[in-house]
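Shown next, in structure tokens, is the structure this report addresses.
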Amino acid sequence: MGKKAIHFGGGNIGRGFVAEFLHTAGYEVVFVDVMDSIINALQTTKSYQVTEVSEGGESTKTITNYRAINSKTHEADVIQEISTADVVTCAVGPNILKFIAPVIAKGIDIRSTPKPLAVIACENAIGATDTLRGFIESHTDSERLKTMGERAQYANSAIDRIVPAQDPNSGLNVRIEKFYEWVVEKTPFGSVGHPDIPAIHWVDHLEPYIERKLFTVNTSHATAAYYGRYAGKKTIAEAMRDSYIRGVVRDVLKETASLIVDKHEIEAQEQQEYVETIIARISNPYLEDSVERVGRAPLRKLSRKERFIGPAAQLAERGMKYDSLLGSVEMALRFQNVDEDEESFGLAKILKENSPADATVQLTGLERSHPLFSAVVKVVDQVQSEAKYVALLPAPLVGDARSHAQPRIC
Ligand SMILES: NC(=O)c1ccc[n+]([C@@H]2O[C@H](COP(=O)([O-])OP(=O)(O)OC[C@H]3O[C@@H](n4cnc5c(N)ncnc54)[C@H](O)[C@@H]3O)[C@@H](O)[C@H]2O)c1
Ligand SMILES: O=P(O)(O)OC[C@@H](O)[C@@H](O)[C@H](O)[C@H](O)CO
């Protein structure tokens, strides 16, 4: 029998990255999603195309050999597929891991194949597979947990490829950047050996890779998104063409680079080259990546281990500079009440209903005694005060006040 991978999340990165490389590695891919339109499209087509867009032109690959199951309506089928699969991957968003865990737990529990299932979560989050594993274990009988290692092995990963929101008329086809990086821990596979997926860079220690990626790619991307949206830019490339925003992004990256070089065994020169590559990637004019997609889910992005507070907290602990990161936090706090972004409404509510210190605790998870805490409280206070000031103005003046409340944008 051929190799089989079950992939949760037939969205942008699912179709445009994970499935592409599983397909190239010879796996049949079974997509699992809850969105009827995606499942129907995957069930009624035999192929879709992934097109890399860059200065050098376009290059297209055709993806075939897939099936799709809707886990909302066909959970039992998903369980059966997992019981006989080689690999389970997911790209659903870190907040969704708890929802896909129960079905994965059931599939793992009924496995009788000699080789354990390889579980690799492909999310932008530190330790996403560990998080998924925690949820899977909480849905597994305690007696069965003792032998879990015979049925499943779990490896964390860092995944990097910019896949913007796609044209709604493009069906399943995906337009993406050429660059990609997929780094996965190899130690959890022990003597069984890791799955044979040539696109993966297997490493012993993932932390330097995931921190370098999250605190360079995603910190700069989100900084451009939040500053860009505030300045009325539509896309990240447009924001990066603004010399002020590009300068801010560079300042932020100087701070995260100082952490990466100080903490991990990465040479300053190597990190600088990485930074230049990332700046070129996020400035790519061929990717129509909206500031709303990149800024999405601000509560997640402002949380303790994430792209702003994560590096700023570690810099503060080391007595190093983090002021530019605070500017990004300030702009992220202004990403409120954005259409179709539930978290942006949650952010507005938290800021409205809490004192600066309480809002800081709720949003960032920072301990009140942490060396970064009081600096973030000041930024929260600043954004809350602006909202109160604008709320007091008569309606015709509100737009005017907003246009003046942009101290960091030239
Ligand atoms: N787009 C990128 O550039 C990129 C790059 C690297 C990593 N990532 C990460 O990949 C993950 C997915 O991002 P995306 O951009 O592909 O998002 P997306 O919204 O395009 O895709 C997410 C998919 O998950 C599906 N889903 C939601 N709940 C589900 C459930 N309970 N079961 C099964 N499927 C479910 C959605 O229907 C959707 O199809 C995120 O963690 C993101 O940070 C994205
Ligand atoms: O997916 P998020 O919401 O964590 O972050 C938005 C983008 O920064 C992200 O999707 C990047 O495009 C991706 O991480 C590039 O590898």
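What to note about this one:
- Criterion: in a helix (DSSP H, G or I) and within 16 Å of ligand 1 (Cβ to nearest atom) - qualifying residue of Ile278, Ile260, Ile245: Ile278
- Consider region 221-230 and keep the residues that are crowded, with 24+ Cβ neighbours inside 10 Å and over 13 Å from the mean Cα position of the chain (by Cα). The one that is farthest from ligand 1 (Cβ to nearest atom) is Tyr227.
- Annotation: of all residues in region 130-177 being within 16 Å of ligand 2 (Cβ to nearest atom) and among the β-branched types (Val, Ile, Thr), the one that is most open to solvent (accessible area, probe 1.4 Å) is Thr131.
- Residue match in region 202-220 (condition: assigned to a loop (DSSP other than H, G, I, E, B), within 16 Å of ligand 1 (Cβ to nearest atom), out of contact with any Lys or Arg (no Cβ under 7 Å at 6 or more places or on another chain) and closer than 30 Å to Gly190 by Cβ): yes
- Subset of region 281-308 (residues that are of a type in the set (D, E, K, R) and either within 11 Å of ligand 1 (Cβ to nearest atom) or under 15 Å from Leu347 (Cβ atoms) (or both)): Arg281, Asp289, Glu292, Arg293, Arg296, Arg300, Lys301, Glu306, Arg307
- Residues of region 82-102 that are surrounded by fewer than 21 Cβ atoms within 10 Å (Cβ to Cβ) and under 19 Å from Met35 (Cβ atoms): Gly93, Pro94, Asn95, Ile96, Lys98, Phe99, Pro102.
Yes/no per residue for (1) out of contact with any Asp or Glu (no Cβ under 9 Å at 6 or more places or on another chain); (2) open to solvent by less than 20 Å² (accessible area, probe 1.4 Å):
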site: Leu259; (1), (2): no, yes
site: Glu273; (1), (2): yes, no
site: Tyr322; (1), (2): no, no
site: Leu333; (1), (2): yes, yes
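- Residue that is farthest from Lys72 (Cα to Cα) [pool: residues in region 31-52 that are in contact with a helix residue (DSSP H, G or I) (Cβ under 6 Å, 6 or more places away or on another chain) and within 12 Å of ligand 1 (Cβ to nearest atom)]: Phe31
- Enumeration of residues in region 103-129 that are over 21 Å from His201 (Cα atoms) and either acidic (Asp, Glu) or open to solvent by 40 Å² or more (accessible area, probe 1.4 Å) (or both): Lys106, Asp109, Ile110, Ser112, Thr113, Pro114, Lys115
- Scope region 178-197; condition outside any loop (DSSP other than H, G, I, E, B) and either within 16 Å of ligand 1 (Cβ to nearest atom) or open to solvent by 10 Å² or more (accessible area, probe 1.4 Å) (or both); matching residues: Glu181, Trp182, Val183, Val184, Glu185, Thr187, Pro188, Gly190, Ser191, Val192
- Of all residues in region 200-217, at least one satisfies being farther than 30 Å from Asp86 by Cβ, surrounded by 23 or more Cβ atoms within 10 Å (Cβ to Cβ) and either within 19 Å of the chain's Cα centre (by Cα) or in contact (Cβ under 8 Å) with a residue 12 or more places away in the chain (or both).
- Residue ranges of helices (runs of 4 or more DSSP H) in region 80-146 with at least 1 members farther than 24 Å from Asp160 by Cβ, β-branched (Val, Ile, Thr) and touching a helix residue (DSSP H, G or I) at 6+ places or on another chain (Cβ under 6 Å): 97-109, 128-138
- Applying a threshold of 6 Å to beta carbon distances and a minimum spacing of six or more residues, or different chains, the list of pairs starting in region 156-173 at a residue that is over 17 Å from Thr235 (Cβ atoms) and ending at one that is assigned to a loop (DSSP other than H, G, I, E, B) reads Asn156/Gly127; Asn156/Leu206; Ser157/Cys122; Ile159/Cys122; Arg161/Tyr180.
- Looking at Phe17, Phe31, just one residue is open to solvent by less than 10 Å² (accessible area, probe 1.4 Å), within 16 Å of ligand 2 (Cβ to nearest atom) and either within 24 Å of Pro164 (Cβ to Cβ) or in a loop (DSSP other than H, G, I, E, B) (or both), and that residue is Phe17.
The values are calculated or read from the model by the stated rules, or taken from the named source; none is laboratory data. Here the structure is a predicted model, which means the values were calculated and not measured. All Cβ positions, even for glycine, are placed from backbone atoms using ideal geometry, and neighbour counts span all protein chains on display. Each accessible area value is taken on the protein alone, full model and side chains, heavy atoms only, with ligands, DNA and RNA left out. Shrake-Rupley method; radii C 1.70, N 1.55, O 1.52, S 1.80 Å.
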